[in-house]
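Remarks on the structure that follows.
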Amino acid sequence: MARKIIIDTDPGIDDAMAILFAFQAPQLEVLGLTTTFGNVSVDLATQNAIKLTEIAQVTVPVAKGVAVPSHIAPRPHPDFVHGKDGFGNINLPAPAGSAIDKSAAQFIVDTVRAFPGEVTIIALGPLGNLAKALELDPEVADLVDEVVLMGGTAIEYGNVSPVAEANIMNDPHAADKVFTAPWQVTMIGLDVTHQVLLDNDILSRIKQANPEEGGFLFDCAQYYIDFYSSRFDMNGCYFHDASTIAYVMDPSIFGVELGAVRVACEGIGIGQTIFAPQGMSFPEPHWNDVPMTQVCMEVDSEKLLTLFETTLS
Ligand code: RIB
Ligand code: CA
């Protein structure tokens, strides 16, 4: 039976890779997309999510979510990474469809309640919608199968500060709520996404095999790859959001460590995901009685990229 998923997202070029990957995966049933601010405004994220359903020719509801962080001032959208349109400035026409008349958080609650124990939430952006769903209905934590999120970092450097990853930095209070709620969270952070390099050879082969979706991904990825090449002298881009989809399709691609994760919500360490490995105790109490998160620390990069290519081809 296909695994039921909701994707919470801020598309975003690598979000687009993840979403089209998920739509093509026979092991997954995408029940809906929920949107958040992050790479772009929530309005544009919603338009982009609808556009992705139209590119993939699937009928999947899109619910608009939070527009700003819960407790801090919003940070600027990173148009130097994803373009002003979130898709690398490729000037796509607006989508024909529209969002459903329900908030992202309410959609999450209603969908999880409709399929108790069966729904996995895959989060690809800041975590405000998940935190709001917990506020609306705390029991959803017991009814969700798993939360798999792209965000954070345990020992690798951050990408928006020496210690913070962008999705967590964009709403640290929401992230701390998600990591401390009584549901199974799997964190796919920079510890693993920085070990995987997606290059134009792979994207060209996908484009050749699947001109519609592969062509779109190739076109929007050029802006993203240019960013990585000019900023880090890399020949390709890190494989962030789509790693979550590979994880739910085949968790054996990753090696995980268990521990309690808390998020620093102020000071120069704001946005840091602070990982206390299972079995270690500390005089400071903040990690006591916090549920164990599965933190991905190892990845079989070749297997991951092969799964991405074959699924989309
Ligand atoms: O740090 C990488 C994350 O930030 C990805 O989710 C990317 O889409 C951006 O939102
Ligand atoms: Ca994202």
Within segment 73-88, the residues that are in a loop (DSSP other than H, G, I, E, B) and out of contact with any Pro (no Cβ under 7 Å at 6 or more places or on another chain) are Ala73, Pro74, Arg75, Pro76, His77, Pro78, Gly83, Lys84, Asp85, Phe87, Gly88
| message | Would you confirm, using the coordinates I've provided, whether Asn91 is touching a residue at least 12 places away in the same chain (Cβ under 8 Å), of a type outside the set (Val, Ile, Thr), in a loop (DSSP other than H, G, I, E, B) and open to solvent by 10 Å² or more (accessible area, probe 1.4 Å)? | response | no
Residue hits (segment 244-262; open to solvent by 40 Å² or more (accessible area, probe 1.4 Å) and of a type in the set (S, T, N, Q)) are Ser252
Among the residues of segment 222-235, the number that are open to solvent by 20 Å² or more (accessible area, probe 1.4 Å) and assigned to a helix (DSSP H, G or I) is 8
When every residue in segment 263-313 that is in contact (Cβ under 8 Å) with a residue 24 or more places away in the chain, among the hydroxyl-bearing types (Ser, Thr, Tyr) and open to solvent by 30 Å² or more (accessible area, probe 1.4 Å) is compared, the one farthest from Tyr238 (Cα to Cα) is Ser313
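Every residue, every condition in (1) away from ligand 1 (no atom under 16 Å from the Cβ); (2) open to solvent by 10 Å² or more (accessible area, probe 1.4 Å); (3) in contact (Cβ under 8 Å) with a residue 24 or more places away in the chain, yes or no:
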| residue | (1), (2), (3) |
| --- | --- |
| Asp176 | yes, yes, yes |
| Met187 | no, no, yes |
| Ser204 | yes, yes, no |
| Cys220 | no, no, yes |
| Cys237 | no, no, yes |
| Ala242 | no, no, yes |
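The values are calculated or read from the model by the stated rules, or taken from the named source; none is laboratory data. Computed from a prediction, not measured in an experiment: that's the story for all the values here. Glycine gets a Cβ as well: all are built from the backbone with ideal geometry, and neighbour counts include every protein chain shown. In case anyone asks, the SASA skips ligands and DNA or RNA and just uses the protein heavy atoms, side chains included. Shrake-Rupley method; radii C 1.70, N 1.55, O 1.52, S 1.80 Å.
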